[in-house]
Amino acid sequence: MAERDRIRVAVIGVGELGSRHARLYSELEAAELIGVADIESKRCRQISEQYRVRGVTDFNELVADVQAASVAVPTVDHEAVTTTLLDAGVHVLVEKPIAPTVEAALRMTRRAGEKNLRLAVGHTERYNPGVEAVLAQVKDPRFIEVHRLSSFSPRSLDIDVVLDLMIHDLDVVRALVGREVVSVEAVGVPVLTPKVDIANARLKFDGGAVANITASRVSQEKIRKLRVFERDRYLSLDYQSQEAVRFQLVPNSDGSEGGRPNIEKDDLNVQNEEPLRRELEDFLDAVATRREPRVSGKDGHAALELALRVVDAMAE
């Protein structure tokens with residue numbers, strides 16, 4: 001891509017996740033990282049010096065100089081920051097969850113539509129090559145089981161584990177089944193914080209498919225696995241290693257009946273890549289070509305709506 005075609009970008013909020021956005025934008029040929037913003041001046045200075053770009057504590061100082069921006073501030077501030085950027089004509093990639101409320105998410109997606117700007121949402125697992133491989137194989141899922149377990153981290157404690165971690169899998173499961181959720185049962189427990197730190201949700205979809213999803217941010221080990229069961233086969237995915245496997249029932253080679261069935265194992269072809277890099281590449285391409293990003297504001301709104309149904313079910 002020619003120098004003149006590079007998209008001028010900024011990162012608003014350069015904590016653990018925002019700093020990764022800054023790193024990747026500084027490496028991507030399609031982007032020109034103009035600056036970073038963070039209300040913590042020391043952190044802002046550290047990241048701006050690392051990537052030799054402008055650093056400010058008030059993001060409004062960068063707005064006039066950029067075409068696109070990543071927003072990685074606390075969830076409660078997503079709407080205010082995103083709306084300011086959209087009103088200034090800046091395309092936005094906002095981290096998940098898109099907003100703290102469904103109403104705020106709806107206002108954000110409407111504003112992007114009114115301004116004819118791209119609004120992407122950071123559901124990074126949708127850019128995981130392993131997830132893509134499983135999505136390409138799924139035909140008629142009947143039961144899905146997901147475990148996303150992480151050790152405790154002081155980040156994202158402004159939201160509970162459903163909006164922090166489980167929402168990734170709610171978005172993926174929605175994409176796998178492709179039908180409406182008709183019922184939700186859930187339980188959650190606060191362990192190390194005042195908010196729910198471990199949760200389990202059971203979703204039933206129109207058509208009968210069921211998903212059982214567990215998310216924890218207080219586990220001793222890091223596990224991120226998904227299994228999809230269909231008639232005569234199932235698919236298994238390790239989100240971290242990006243390894244996807246298909247196990248399939250096949251007829252006996254001798255044609256006999258009543259014998260032990262044969263189970264065929266196939267490793268799906270997955271080329272390991274950093275999901276966040278692919279997410280930013282998709283966002284930049286969506287900005288350049290004026291198409292919708294793979295995970296749009298509407299997708300983020302739908303994932304949030306489902307996550308809040310899980311939260312409500314935990315309170316019942």
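FYI, it's all coordinate maths here, none of it is from the lab. Computed from a prediction, not measured in an experiment: that's the story for all the values here. For neighbour counting, all protein chains shown are included, and Cβ atoms are generated from backbone atoms with ideal geometry for every residue, glycine included.
Cβ neighbours within 10 Å, averaged per peptide: list 182-188, 238-244 in order, most packed at the top.
238-244, 182-188
Could you give the dipole magnitude of the chain about its Cα centre, charging the beta-carbon of Lys and Arg +1 and that of Asp and Glu -1, in debye to the nearest 20?
In debye, rounded to 20, the chain gives about 80.
How large is ³J(HN,Hα), in whole Hz, for each residue of the range 138-146 in order, when computed from phi with the Karplus curve 6.51 cos²θ - 1.76 cosθ + 1.60 and θ = phi - 60°, using x for Gly and Pro?
Those phi angles translate into 5, 10, 9, x, 10, 9, 10, 10, 10 Hz.
Using the alpha carbons of the range 75-140, what is the convex hull volume per residue in cubic angstrom, as a whole number?
It comes to 108 Å³ per residue, whole-number rounded.
By counting other Cβ atoms within 10 Å of each Cβ, how are Val76, Val162 ranked from fewest to most?
Val76, Val162
Take each of the peptides 226-235, 296-305, average the number of other beta-carbon atoms within 10 Å over its residues, and list them starting from the highest.
For the peptides 226-235, 296-305, the packing ranking is 296-305, 226-235.
Counting only the backbone N, which residues of the range 4-34 are under 12 Å from the spot 7 Å out from the Cα of Asp65 toward its beta-carbon?
Correct set: 9-11, 33-34.
Specify, per residue and in Å³, the volume enclosed by the convex hull of the alpha carbon atoms belonging to the range 5-58.
Here the figure is 60 Å³ per residue.
Go through the range 260-270 residue by residue and turn each phi into a ³J(HN,Hα) via Karplus (6.51, -1.76, 1.60, θ = phi - 60°); whole Hz please, and just put x for glycine and proline.
So the Karplus estimates, Gly and Pro as x, are 5, x, 9, 10, 9, 10, 10, 7, 6, 6, 10 Hz.
Separation between the Ile223 and Asp285 pseudo-spin-labels, each 7 Å from Cα along Cα→Cβ, expressed in nm?
The two pseudo-label positions are separated by 3.5 nm.
For the pairs Lys96/Lys204; Lys42/Lys115; Lys96/Lys222; Lys96/Lys139, flag any whose C-alpha to C-alpha distance is greater than 25 Å.
Lys42/Lys115; Lys96/Lys139, as the Cα separations exceed 25 Å there.
So who's got an amide H within less than 5 Å of the one on Gly122, skipping anything under 5 residues away but keeping other chains? H placed 1.01 Å off N, in plane.
For Gly122, the qualifying residues are Val94, Glu95, Lys96.
For the chain, return all DSSP H helices satisfying: extent of Cα atoms along own axis at least 24 Å; mean Kyte-Doolittle hydropathy at least -1.0.
297-315
What is the extension gain from Gln240 to Arg260, computed as 0.36 nm multiplied by their sequence separation minus the C-alpha to C-alpha distance, in nm to one decimal?
3.8 nm
I need the semi-axes of the equivalent ellipsoid of the range 201-316: take the C-alpha gyration tensor, multiply each eigenvalue by 5, square-root it, list largest first in whole angstrom.
So the three semi-axes of the range 201-316 are 33, 23, 16 Å.
In Å³ and rounded to a whole number, note down the convex hull volume per residue for the Cα atoms of the range 1-150.
So the per-residue Cα hull volume is 157 Å³.
Amide H neighbours of Glu32 under 5 Å, counting only residues 5+ apart in sequence or on other chains, H built in-plane at 1.01 Å?
Placed amide hydrogens put Ile7, Arg8, Val9 under 5 Å from Glu32.
Mind listing the phi-derived Karplus ³J(HN,Hα) values for the range 192-207, rounded to whole Hz, using 6.51, -1.76 and 1.60 with θ = phi - 60°, and x for any glycine or proline?
Computed from phi, the couplings for the range 192-207 are 10, 9, x, 9, 5, 10, 9, 8, 10, 10, 10, 10, 10, 9, 4, x Hz.
Averaging sequence separations of C-alpha pairs under 8 Å and six or more residues apart, then dividing by the length of the range 190-316, give the relative contact order as a whole percent.
12
Given H placed 1.01 Å from N in the peptide plane, which residues other than close sequence neighbours of Ala209 have an amide H under 5 Å from its amide H?
Sorted by chain and number, the residues that satisfy this come to none at all.
With a ≥ b ≥ c taken as the square roots of the eigenvalues of the C-alpha gyration tensor of the range 102-196, please select rounded if a/c is under 1.5 and otherwise prolate if a/b is larger than b/c or oblate if it is not?
In terms of gyration-tensor shape, oblate.
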